[in-house]
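K.L.:
Next up is a structure, given as structure tokens.
The values are calculated or read from the model by the stated rules, or taken from the named source; none is laboratory data. Owing to the predicted nature of the structure, the values given are computational and were not obtained by experimental measurement. Here the Cβ positions follow ideal geometry from the backbone for every residue, glycine too, while neighbour counts run over all protein chains shown.
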Amino acid sequence: MEVVILSGAEEIGAVAADAIADLLHRKPAAVLGLATGSSPLAIYDELAARCEAGAISFRQARGFTLDEYVGLPADHPQRYRTVIEDVFVSRVDFAPGAVEGPDGLASDIPAACAAFESAIQAAGGVDLQILGIGTDGHIAFNEPGSSLASRTRIKTLTRQTRIDNARFFDDDLDAVPTHCLTQGLATIMAARHVILVATGRGKAEAVHHLVEGAVSALWPATILQHHPHVTVLLDDAAARRLQLVDYYRETYLSKPKWQGI
Ligand code: GLP
């Protein structure tokens, strides 16, 4: 696990976009894993700007989102399909239908989850997964207690996650759905490279567990310690509880540039 502490969202966006640009250069038909939430927004802004400038193209690429609320009407602005379309997909040049997500309106939920897993496999698996992290250590919507071997399935959201996400529902906790479909921890672990972004003091405890804590279903993101290629991009506030913070800074500063992240 590589920990990179940067000056803020803008630099995080640029470093992650460099890695995605490198991937698209090597493999134009790359498969990207796309997260919702506020953490990746700077990455999407940077990618949209580079695409508009003609520096990168997503024309042959595919994308899979991580998760979806269950039961939000098709026209609800907080449906993750709609959110990812607004914040990223509509701003770049993906082919129509190139980005898929789990179907939170499916009548047969287990079948929809299995179909989503099959679609990821049929696309050749995710080359690069962008992730955020919840304050309780969840990734995608794998809440504390999630099986470390889980695949796409229905989950009940914790009260904490619903409180955290109420800001997207006019601060109305009752409007936040209680259930979601989410890629499992094993689904995420199958991605070839994972870039996790966390900014702000509110993420410091989760980041502390993710990077330096014991692997435990209580802090689901800790499973990433078993992944061979994870890059954790942080600002100072999110890194404030890390014991080896000086080491992480020195390592990144002295890293040969050709290595990338
Ligand atoms: C939601 C999403 C996660 C995201 C998390 C953190 O729960 N399902 O994928 O990582 O929120 O969101 P934010 O980046 O807005 O803090």
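K.L.:
So is residue 125 at pLDDT 95 or above, within 12 Å of the ligand (Cβ to nearest atom) and within 18 Å of residue 230 (Cβ to Cβ) or not?
P.N.:
Here the answer is no, as residue 125 does not meet what is asked.
Matching residues to (1) in contact with a Pro (Cβ under 9 Å, 6 or more places away or on another chain); (2) closer than 20 Å to residue 41 by Cα; (3) at pLDDT 95 or above; (4) surrounded by 16 or more Cβ atoms within 10 Å (Cβ to Cβ):
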position: 157; (1), (2), (3), (4): yes, no, yes, yes
position: 173; (1), (2), (3), (4): no, no, yes, no
position: 177; (1), (2), (3), (4): no, no, yes, yes
position: 184; (1), (2), (3), (4): no, no, yes, yes
position: 189; (1), (2), (3), (4): no, no, yes, yes
position: 202; (1), (2), (3), (4): no, yes, yes, no
position: 219; (1), (2), (3), (4): yes, no, yes, yes
position: 223; (1), (2), (3), (4): no, no, yes, yes
position: 232; (1), (2), (3), (4): no, yes, yes, yes
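K.L.:
Ok, one more. State all residues of the stretch 141-166 that are near the ligand (Cβ under 10 Å from one of its atoms) and more than 16 Å from residue 176 (Cα to Cα); if no residue qualifies, say none.
P.N.:
Residue satisfying the conditions is 142 alone.
K.L.:
Here's a follow-up. Which one of 47, 23, 66 is closer than 21 Å to residue 188 by Cβ, surrounded by 22 or more Cβ atoms within 10 Å (Cβ to Cβ) and over 14 Å from the mean Cα position of the chain (by Cα)?
P.N.:
47
K.L.:
Sort through 92, 87, 83 and tell me the only one that's hydrophobic (A, V, I, L, M, F, W, C), within 13 Å of the ligand (Cβ to nearest atom) and touching a helix residue (DSSP H, G or I) at 6+ places or on another chain (Cβ under 7 Å).
P.N.:
None of the others qualify; the one that does is 87.
K.L.:
Let me ask another. Before we move on, is residue 84 surrounded by 19 or more Cβ atoms within 10 Å (Cβ to Cβ) and part of a loop (DSSP other than H, G, I, E, B)?
P.N.:
So residue 84 does not fit the description; no.
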